[in-house]
Amino acid sequence: MVMEVLMERPENPVPFMVRWLAQRAQHKGSEGKMVQVGEADHLRTEIEDLKAEIATLSEKLKQAAVSEAELATPQISKQEAKADSDEESEGGLDDEEDFRPPASYYARGQRSSVSAEAYGAFNVKQAFTPPVYPKSEEQEARIRAVLQRSFLFNSLNSENIAIIVGAFVEKTTQAGERLIEEGEDGDVMFLVESGAFDCVKVLDGEEKVVKTCVQGDVFGELALLYNCPRAASVESKGKSVLWQLDRETFSHIVRDASAKRREDFQEFLRTVPLFQSLDAYDLMELADCLQVQKVEAGTRVINQGEEGDKFYLVEEGELVVLKSTDGKPEQEVMTYGRGGYFGELALIKDTVRAASVLTRTDSTVVSVDRKSFKNILGKLEETMKKRAGSYK
């Protein structure tokens with residue numbers, strides 16, 4: 001019976017044993033043997049003994065399962081520890097690890113920090129209240145003008161720009177003043193309003209100027225983006241004015257907004273029929289190289305006859321295509337709305353612009369440069385050429 005119980009492994013072994021014994025008794029009866037007085041008591045005793053034996057075997061099975069789990073746990077922990085150790089050797093443990101240089105980013109993708117992988121209250125992102133430093137309207141206008149020329153900030157929306165403007169602290173420097181020291185940890189970045197700054201790096205045992213930052217340039221952001229030590233020292237060449245931004249505001253607004261903007265671009269690109277054949281990786285690459293341009297109504301984005309080096313997508317607004325033939329006045333030949341694209345012919349055929357494109361309303365367009373167009377969208381050239389055949 002024990003062997004059959006272990007083989008069948010019934011959910012409740014007692015009924016199984018009773019049935020087995022009953023069948024056994026019937027089998028004996030069929031052979032013409034009567035159940036003797038006292039045999040029922042003997043069977044009940046046997047059942048109790050078997051129940052006790054099964055309970056003992058079940059307990060041993062549980063202990064064996066626990067032992068197996070305990071043996072497996074250290075192996076998993078060691079693997080996880082090794083993976084965390086390998087990843088930690090490339091950077092710190094805070095959320096700055098999420099933003100790696102492009103090459104390793106594409107190779108491995110974004111990674112949450114070790115601390116961010118914990119469950120419970122420790123995994124809740126703390127509320128952030130950005131600092132606000134009073135400024136005059138003239139100062140705010142100056143900062144906005146500089147931000148518009150900075151690649152790092154020009155994709156932020158108006159709400160985030162307002163937060164950044166409020167969080168900047170004005171700083172003035174004199175000639176020879178060193179703001180950043182190579183190899184040190186960084187907790188601020190700078191935006192140059194006026195003046196010039198030398199970026200100095202130790203090469204072959206001596207400091208050499210590797211770059212000069214001027215109005216509109218940003219420096220000190222790499223340490224905040226990649227959570228790494230300062231890559232170079234930065235020294236003022238003369239009396240200068242710049243704006244200082246703290247790490248926390250940068251991380252919450254600039255870095256996070258850039259990631260959110262990327263996701264928004266990918267969602268937008270998925271709505272464009274032209275890109276339906278692109279895989280997720282191509283869309284990610286395309287989203288990363290898009291440049292945002294806000295254009296007022298009545299502005300020419302491209303002009304017929306000019307050389308073209310960009311491909312455009314309409315994110316918001318309405319634009320019209322104007323074309324002049326044989327020296328005649330321009331005629332409206334088609335319109336573009338959200339998801340429309342233009343400027344591809346000059347890149348595909350390596351010719352000048354075949355028509356002009358004018359904004360009918362305030363619009364937002366995003367552009368891709370010639371190199372990125374060829375690398376990412378080269379596979380779509382045939383589709384674009386077929387569509388070009390429908391142009392008037």
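The values are calculated or read from the model by the stated rules, or taken from the named source; none is laboratory data. Quick caveat: nothing in here was measured; it's all calculated off a predicted structure. For neighbour counting, all protein chains shown are included, and Cβ atoms are generated from backbone atoms with ideal geometry for every residue, glycine included. What goes into the accessible areas is simple: the full protein's heavy atoms, side chains included, and nothing from ligands, DNA or RNA. Shrake-Rupley method; radii C 1.70, N 1.55, O 1.52, S 1.80 Å.
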Got a number for the accessible area of K371? Probe 1.4 Å, square angstrom, nearest 10. 150 Å²
Kindly provide the chymotrypsin sites (Phe, Trp or Tyr not before Pro) of region 288-392 that DSSP labels as loop, not H, G, I, E or B, and whose Cβ sees at most 15 other Cβ atoms within 10 Å. Y391
Ordering T364, T325 by accessible area with a probe of 1.4 Å, largest first, what comes out? T325, T364
With Cβ to Cβ distances under 11 Å as the rule, what net charge do the other residues near D369 carry (K, R +1; D, E -1)? +3
How much length, in nm to one decimal, is gained on full extension between C289 and E207, taken as 0.36 nm per residue of separation minus their Cα-Cα distance? 26.1 nm
Pick out, in residue order, every one of the GluC sites (Glu not before Pro) in region 302-392 that is DSSP loop and has at most 12 other C-beta atoms within 10 Å; say none if there are none. E306
Lys and Arg at +1, Asp and Glu at -1: neighbours of Q139 with Cβ under 13 Å from its Cβ sum to -1
If I stretch the segment between R144 and K239 completely, what's the gain in nm (0.36 nm per residue apart, minus their alpha carbon distance), one decimal? 32.1 nm
In the structure shown, do any of K328/K374; K310/K386; K237/K260; K171/K211; K201/K310 have a Cα-Cα gap over 31 Å, and if so which? K328/K374; K237/K260; K201/K310
Quick check: the distance between the Cα centres of region 181-214 and region 321-363, to the nearest angstrom? 44 Å
Inter-label distance, nm, simple model (7 Å from Cα along the C-beta direction), A175/R370: 4.2 nm
Using the alpha-carbon centroid of each, what span in Å lies between region 220-258 and region 291-307? 32 Å
Taking the Cα of E318, stepping 7 Å toward and past its beta carbon, and measuring to each backbone N in region 349-377: which are under 15 Å? 358-364
